[in-house]
Amino acid sequence: MTTRSVRFYELAKMEAAARARLLVRSEENLDSFIDAVKPIIADVAAAGDKALIRCAQRFDGAPASFNAVRTPAEDFALARQTVSKDVIAALEFAADNIRRYHQAQMPEDMWLKEMRPGVFAGERWSPLDSVACYVPRGKGSFPSVALMTAIPAVVAGAKRVVILTPAGADGRADAATLIAAELAGVTEVYRVGGAQAVAAAAFGTESVPRCLKIVGPGSPYLIAAKKLLADRIDPGMLAGPSEALILADETADGRLAALDLLVEVEHGPDSSGFLVTPSRAVAEAALAAIPGFFGQMSETRIDYTMTVLSSERGGIVLTPDIDSAYDFVNDYAPEHLMIHAREPYAHLGKIRNAGEILLGENTSNTLANFVIGPNNVLPTSGWAKTMSPLSVFDYMKRATVAQVTPAGYAGLAQAAETLARYEGFDAHANAVSATRAKIMAERKA
């Protein structure tokens, strides 16, 4: 059992610089990761599948016999035989909820509004031609991410959806992830992970198709590759290591708050997580409860948890009042926010920045991660200030649509010509000037 202790911060006693350090995430400085992935990207661009096979053996522990990137059909059949019926049933249950949620999210194919008499404007939605869904594996298996990334892609109508996920020590993709792919309606699963997966999707290889976009969470290496290749592939949301805040008021049970605090920080030593509360009693109850939960956790997960909670990326934050707690939450802009309170809606209006907001002690992050339905791929590293959760909209694009009738044209032309001449665009102005009116009149004659 670890001898490290959970950090306890009293915000009222902290200098501004110390408070600011609590907001820092593990992937904020990517310089070393960018240097590490540059040669990997160059190798994939030059050697294609051969580079992917070398990377699988070097980074993912795939066996020397590993020689094919695409998952064969027989591995899908084998997955059905090796994964327990309980897990399959749980995946089916989750898939149904996820599909229902994202179907409800779908926009109208097109809308038009008459802005002025004879002037119509609106938008038309259409799906992307191709997208790669990345499913990580380094610190566990994540079939839930396969469901969360692939199902909305299929619901949105993306023309080609592929899944990229690392090979294991046996050279195969995670069996439950293959079942999740089937449930989502995806048949193309490629055994490739990390930065090399981004490169494969960006350049295309003998096996992996070049894709327009890549979505899904991953390590700082994956994030670094997305940034480097943003001119070749839409990198989507930069979802990095897991992070969560638990906002608890004086009505919360500190033991339950502690239970939820451990959910995201067990993902890995690069995760982040804080319990934020103005109540010393809640904070102390949570602090006392945490060691008792370790008896039902593996040594690996305990080590990950305590690595985070004993550093400046985790612990318990006691604020002088509830408004200070709101300020900390909004400054942090967490991936996950759980509100532990008897009346959680009383706090909801104060929250501006969070990837997801889970209300009340029954709404554990575990439920949100797997089975409620909303997406579990969320903005990290403070990007919840400007970005939104993964959704069907990430697999679609909008085109504006406009039509001006003869009756509407007359009401627009003069103002448009005036602005065009002011900005110095002669052809713009001519296109809506008396020259156009003359040509149109001749056509009617």
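Odds and ends about this structure:
- Cα gyration tensor, the chain - rounded (a/c under 1.5), prolate or oblate: oblate
- Rounded if a/c under 1.5, otherwise prolate or oblate - the stretch 171-300, Cα gyration tensor axes: prolate
- For the stretch 1-146, accessible area per residue (1.4 Å probe, heavy atoms of protein chains only), Å²: 58
- Dipole magnitude of the chain about its Cα centre (Cβ charges: Lys, Arg +1; Asp, Glu -1), debye to nearest 20: 1320
- Between Val87 and Glu10, the contour length at 0.36 nm per residue exceeds the Cα-Cα span by 23.5 nm.
- Here Glu423 sits with roughly 120 square angstrom of accessible surface, probe radius 1.4 Å.
- For Gly314, the amide hydrogen comes within under 5 Å of the amide hydrogens of Gly273, counting only partners 5 or more places away or on other chains and with H modelled in the peptide plane.
- If you sort Arg280, Arg313, Arg58 by accessible surface, 1.4 Å probe, largest first, the order is Arg58, Arg280, Arg313.
- Per residue value of the accessible surface for the stretch 355-405 (all protein chains in place, 1.4 Å probe), Å²: 46
- Packing-based ranking of 349-359, 179-189, 83-93 yields 179-189, 349-359, 83-93, ordered from highest to lowest mean Cβ neighbour count within 10 Å.
- Measuring nothing but how far apart in sequence close Cα pairs (under 8 Å, 6+ apart) lie, relative to its length, the chain scores a relative contact order of 20 percent.
- Of the residues Thr418, Thr177, Thr386, the one with the largest accessible area comes first in the ranking Thr386, Thr418, Thr177, computed with a 1.4 Å probe on protein heavy atoms.
- Cα gyration tensor category, rounded, prolate or oblate, for the stretch 369-445 with a/c compared to 1.5: prolate
- The length gained by stretching the chain between Arg352 and Trp111 to full extension, at 0.36 nm per residue less their Cα-Cα distance, is 83.8 nm.
- Debye, to nearest 20: dipole size of the stretch 279-426, +1 on Lys, Arg Cβ, -1 on Asp, Glu Cβ: 280
- Cross-link check: pairs Lys13/Lys227; Lys50/Lys213; Lys13/Lys226; Lys397/Lys444; Lys113/Lys159 evaluated at a Cα-Cα cut-off of 31 Å; pairs beyond the cut-off: Lys13/Lys227; Lys13/Lys226; Lys397/Lys444.
- Distance distribution note for the stretch 283-428: the fraction of Cα pairs above 17 angstrom is 76%.
- Distance from the stretch 4-50 to the stretch 416-432 (C-alpha centre basis), Å: 50
- Signed unit charges on C-beta, dipole axis of the chain, positive-most listed residue Val263, Tyr422, Tyr395: Tyr422
- Each of Val83, Leu52, Ala16 was scored by the projection of its Cα onto the charge dipole of the stretch 1-99, and the greatest displacement toward the positive side belongs to Ala16; charges sit on the C-beta of Lys, Arg, Asp and Glu.
- Ligands, DNA and RNA left out, the accessible area of the chain computed with a 1.4 Å probe is 53% carbon and sulfur.
The values are calculated or read from the model by the stated rules, or taken from the named source; none is laboratory data. These figures come from a predicted structure and were not determined experimentally. Virtual Cβ from ideal backbone geometry, glycine too; neighbours counted across all protein chains shown. Just so you know, the surface numbers come from the protein's heavy atoms only, side chains and all, with ligands and any DNA or RNA stripped out. Shrake-Rupley method; radii C 1.70, N 1.55, O 1.52, S 1.80 Å.
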